[in-house]
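Enquirer: My questions will all concern the structure given below.
The values are calculated or read from the model by the stated rules, or taken from the named source; none is laboratory data. Treat the numbers as computed from the prediction; the structure is a model and nothing was measured. With ideal geometry, Cβ positions are generated from the backbone for all residues, glycine too; neighbour counts draw on all protein chains shown.
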Amino acid sequence: MQHGVRSFMLVAALCFGAASAQQALSIATGGTGGVYYPVGGGYAQIIDQFVDGYTAAVEVTNASVENVALISRGDSDFALVLADTALAAYEGSGRFGEGGELPQLANLRAITIAYTNAVHIITLADSGIESLEDLRGRRVSVGAPGSGTELSAETILNANGITYDEIDVQRLSVNETADALRDGAIDAGFWSGGVPTGGVLSLAETRQIRIVPITAEEAANVIAADSTFIRYTFPADAYRGISETSSVGTPNLLIAAAEMDEELAYEFTKALFENIGVVQGIHPSANETVPEIAVDSPIPLHAGAIRYFEEIGLTVPDHLRVD
């Protein structure tokens, strides 16, 4: 009996030791009302179930600008970020590097392109705001402080001759924007996110909303200012009562630091694409997550991701190899 007890305790100790040896990874996302958070949760499930030796936790953040810093300094392992933010940080342009308030972050590497963020300019149907020009003199949320949404909003406005001095600037998360619109505290709000975004869906269930269109000419101005933008069209009824609406969008990157172990990056990339149905079951934006679009990344790919893409027969351009 004692031998059996000792054997049981030994097996239990070995199992406990194996479990305790699991390395915890951090996935930086965004606010709980956006798309980064649930999609990041799907990535965490894939790591927990299919990447041996690792577990993962999802972190609530202010999204892209904060996330690139978290990755660069090693405070998070994976993160979702807007392509324009990642490129500016990697190159040291705009708000990053010399002349900006943030440092250049040259150690950022992409795992893949995840999906496209559509720029929502949300207002209530009776606000009288029907165009970008109508934002002048109004109370407008440009996104949470330090977010990629704000970076996108400023680019869109400036590219079309509208400065922050001409609007009453508010800096709110997507949930705060929805609440402020519902309460009449603001007139319009920017949000860059997947379609549909939970916070916007909830608002549309209680108020009649409008997505302010970005015209072809306005979109061309934006793309000329920042080539990471693409044209995007909201499908009819993407949110309750919304008609088909022209806008712009920015690809989202899933990133890691160059210093990440190549084997870990490879194993995660492989697990991600072989089990992408886990994420698709959480949010439809993951239907866009396919290996073929990774080679369109605006920043270099991680060596571990390159190894997987080449293994499945993709050709990785030389400019995406820097390690």
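Enquirer: Anything in region 179-197 that is without any contact (Cβ under 8 Å) to a residue 60 or more places away in the chain and in contact with a strand residue (DSSP E or B) (Cβ under 9 Å, 6 or more places away or on another chain)? List them, or say none.
Expert: ALA180, LEU181, ARG182, GLY184, ALA185, ILE186
Enquirer: Could I ask something else about it? Any idea which residue in region 181-208 is surrounded by the most Cβ atoms within 10 Å (Cβ to Cβ), counting only those that are of a type in the set (A, V, I, L, M, F, W, C) and over 21 Å from GLU133 (Cα atoms)? Please lay out each step first, then the result.
Expert: Going through region 181-208, the residues of a type in the set (A, V, I, L, M, F, W, C) turn out to be 181, 185-186, 188, 190-191, 195, 200-201, 203-204.
If we keep only those that are over 21 Å from GLU133 (Cα atoms) too, we end up with 195, 200-201, 203-204.
Values: VAL195: 22, VAL200: 28, LEU201: 15, LEU203: 25, ALA204: 20.
By that ranking, first place goes to VAL200.
Enquirer: Please note which strands (runs of 3 or more DSSP E) are completely contained in region 209-323 and include at least 3 residues that are buried (at least 20 other Cβ atoms within 10 Å of the Cβ). Steps first, answer last, please.
Expert: Details: elements: 209-211, 230-234, 245-257.
Here the list reads 209-211, 245-257.
Enquirer: On to the next question. Looking only at residues in region 44-66 that are in contact (Cβ under 8 Å) with a residue 40 or more places away in the chain and in contact with a Leu (Cβ under 7 Å, 6 or more places away or on another chain), which one is nearest to VAL119 (Cα to Cα)?
Expert: First pass over region 44-66, keeping only residues in contact (Cβ under 8 Å) with a residue 40 or more places away in the chain: 45-47, 49-52, 54, 62-66.
The next check asks that each one be in contact with a Leu (Cβ under 7 Å, 6 or more places away or on another chain); those that pass are 46-47, 54, 64-65.
On the way: ILE46: 28, ILE47: 30, TYR54: 35, SER64: 14, VAL65: 16 Å.
Ranking the candidates gives SER64 first.
Enquirer: I would also like to ask the following. Conditions first: (1) within 19 Å of ASN67 (Cβ to Cβ); (2) touching a Ser or Thr at 6+ places or on another chain (Cβ under 9 Å). MET260 passes all but one, so which condition is the exception?
Expert: Every condition holds for MET260 apart from (2).
Enquirer: Being more than 30 Å from LEU70 (Cβ to Cβ) and at pLDDT below 95 narrows it down to one of PRO196, PRO251, PRO235, PRO213, so name that one. Even if it seems obvious, please write down each step before you answer.
Expert: On the way: PRO196 fails: more than 30 Å from LEU70 (Cβ to Cβ); PRO251 fails: more than 30 Å from LEU70 (Cβ to Cβ); PRO213 fails: at pLDDT below 95.
So the residue among PRO196, PRO251, PRO235, PRO213 that is more than 30 Å from LEU70 (Cβ to Cβ) and at pLDDT below 95 is PRO235.
Enquirer: Select from region 77-95 the residues that are more than 19 Å from ASN117 (Cβ to Cβ) and either β-branched (Val, Ile, Thr) or part of a loop (DSSP other than H, G, I, E, B) (or both) and list them in ascending order. Let's see the steps before the verdict.
Expert: Keep residues of region 77-95 that are more than 19 Å from ASN117 (Cβ to Cβ), which gives 77, 91-93.
Across region 77-95, the qualifying residues are ASP77, GLY92, SER93.
Enquirer: Assigned to a helix (DSSP H, G or I), in contact with an Asp or Glu (Cβ under 8 Å, 6 or more places away or on another chain) and hydroxyl-bearing (Ser, Thr, Tyr), is that true of THR116?
Expert: no
Enquirer: I'm trying to understand the selection: among the residues of region 160-180, which are touching an Asp or Glu at 6+ places or on another chain (Cβ under 8 Å) and in a helix (DSSP H, G or I)?
Expert: Once the filter is applied, which keeps residues that are touching an Asp or Glu at 6+ places or on another chain (Cβ under 8 Å) and in a helix (DSSP H, G or I), region 160-180 yields only TYR164.
Enquirer: Tally the residues that are within 20 Å of GLU66 (Cβ to Cβ) and of a type in the set (A, V, I, L, M), restricting the search to region 146-174. Steps first, answer last, please.
Expert: Taking region 146-174 first, the residues within 20 Å of GLU66 (Cβ to Cβ) are 146-155, 169-174.
Applying the additional criterion that residues be of a type in the set (A, V, I, L, M) yields 151, 153, 169, 172, 174.
Going through region 146-174 one residue at a time, the tally reaches 5.
Enquirer: Between a first residue in region 270-284 that is among the basic types (Lys, Arg) and a second residue that is part of a helix (DSSP H, G or I), which pairs have beta carbons less than 6 Å apart while being 6 or more apart in sequence or on different chains?
Expert: LYS270/TYR308
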